[in-house]
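I have placed the structure first, in the form of structure tokens, so that the comments after it can refer back to it.
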Amino acid sequence: MSLTTEQLLLLNNLMYLEPAEGPYPELEDYAGQRIRDWMGAVDLSGITEPDPDYPGMTTAGEWMNIVIAAWNEPFLMDMRILTAYTDLSEGGGLCKSAVFINADSADAVVVFKGTELVLGSSQWKDNFFSGNTADTPHQLKALEWYQEVYRKYHLEQFEVTVTGHSKGGNKAKYITIRDRTVDRCVSFDGEGFSDQFFTKYAVEILHREKKIENHCVDFDYISPLLNDIGTTTWYHGYNYGSGGFTENHLANTFMHFSDLGRFTMDINENGRPEEMEALDEFVNSYLRSMNDEERSKALNMLNELLNASLSVNRNMTRDEVIRVFLKLADNPDNCTHISYFLAYLIRYEQKRKDMTAKLNSVLTRFGMTGLAQYADLVAGIINWKKQILWISLSFDHLASAVSTINTHAPKWVYHRLSLHLERKGMILPAEELARLADIIEMTDSYLKTAAVYEDGSDRRVHLARPAEPES
């Protein structure tokens, strides 16, 4: 009996339930026992609201639902925890994985925990590192561990399913392509792979991607990263709380609870929303416009940009949001790549004029008014064109004027401008105005060379050698 998608989703949620203290027991302490023993050690009376021990943005009430939903699955409860492992090494980044088996049905499930929403963690950075290489350190370590437990516990006796959420889903897909012993792969909101991965493993992808199922929340912002493999089903998201848009990437967002412990996964028959489809196409187009060296630096900038975006909450003012993003430009490399990113966005927007409008609609939908204001501001600069005293002004004129001020004007000009803006209700210190001027000047320079890159290669595999049948 293969596990259902709902049962596998429950296992992935339970992988996040692991604080050392509080009502939640440590998975590794129950190796050799059944899941019912692990769940039986959960102190249900200790799951209260507010609950300082619950992980991430999953509330105590949601955890109560998840634990009871697990108890409602006798087949799941009877599975044995064969082994559990946490990699605490520097390259491991608190990676957790486990193997669950049912000897009667000959099912083995290998689960890889996803990235905690702890921005700046090594696993989070690995998500972006994967955009410019065929094999990342975390993927290789996961493959090594899988092959070790496969041999040690003789998993050839079982039908093997590998699964994971977020980074865990990416690892599950990577292992499926790299190792022919996997029978089934089920990924939840797992990101895709680089062009280099598609080139290096073209033959393996053609033979094994039919084993891969992707299950994604329709507004998830990680699964659009890079190029995916396998079939994909899109679901409506639920349980949005204080995290707003950020919660689109939580493992419990798939779960629509009607009664205590009873949930459904509701398929979005329309597939992924066009706004997210547009974001996917833009990111891949942007990354392909650079060489390998520049792409690596750009991916690092995107990592920090997403960190900044996720730190924005719905209560922040436009000025506070602007300062969050200007802080990124403290790093000279970031400043350079932010400028190129804006130049590329300008060229992309000129070709696809609804790009920023679609992005804004996503932010507005989830109440991120501060970030939506920032998107409006950027869109205003991108499409900036004013008529003043019968003279048509555009972004080119603006950049030229900024360049002149930046080169020739004394520093007090920025202080005067800052005071003027403050009287108009916008708080931007002189040093931040100078930084913004640098970005505008560099953006204008990149506009002279930026060209939209589209070849559709994320939709097909290029064979480097003739395909051979799997033995």
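See the values below:
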item	result
HN-Hα J in Hz across the stretch 142-147 - Karplus 6.51, -1.76, 1.60, θ = phi - 60°, x for Gly and Pro	5, 5, 4, 5, 4, 5
Ranked by how many other beta carbons lie within 10 Å on average, peptides 98-108, 146-156, 186-196 from highest	186-196, 98-108, 146-156
Accessible area of Ser289 in the full protein assembly, 1.4 Å probe (Å², nearest 10)	40 Å²
Accessible-area ranking of Trp71, Trp63, largest first, probe 1.4 Å	Trp71, Trp63
Interchain or long-range residues, amide H under 5 Å from Glu159's placed H	Asp107, Ala108
Theoretical gain in end-to-end length, Thr232 to Arg288 [0.36 nm per residue, Cα-Cα removed]	17.8 nm
Per-residue SASA entry for Leu82, accessible area with 1.4 Å probe, Å² rounded to 10	40 Å²
Karplus-derived 3J(HN,Hα), 6.51/-1.76/1.60, for each residue of the stretch 263-269, Hz, glycine and proline x	9, 10, 10, 9, 5, 8, 5
Karplus 3J(HN,Hα) series, Hz, for the stretch 440-445 with 6.51 cos²θ - 1.76 cosθ + 1.60 (x for Gly, Pro)	4, 5, 5, 4, 4, 5
Unsatisfied cross-links (Cα-Cα over 27 Å) in the set Lys167/Lys211; Lys210/Lys351; Lys200/Lys297	Lys210/Lys351
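The values are calculated or read from the model by the stated rules, or taken from the named source; none is laboratory data. Note that the structure is predicted; figures quoted are calculated from it, not measured. Cβ sites come from the backbone with ideal geometry, for glycine too, and all protein chains shown count toward neighbours. In case anyone asks, the SASA skips ligands and DNA or RNA and just uses the protein heavy atoms, side chains included. Shrake-Rupley method; radii C 1.70, N 1.55, O 1.52, S 1.80 Å.
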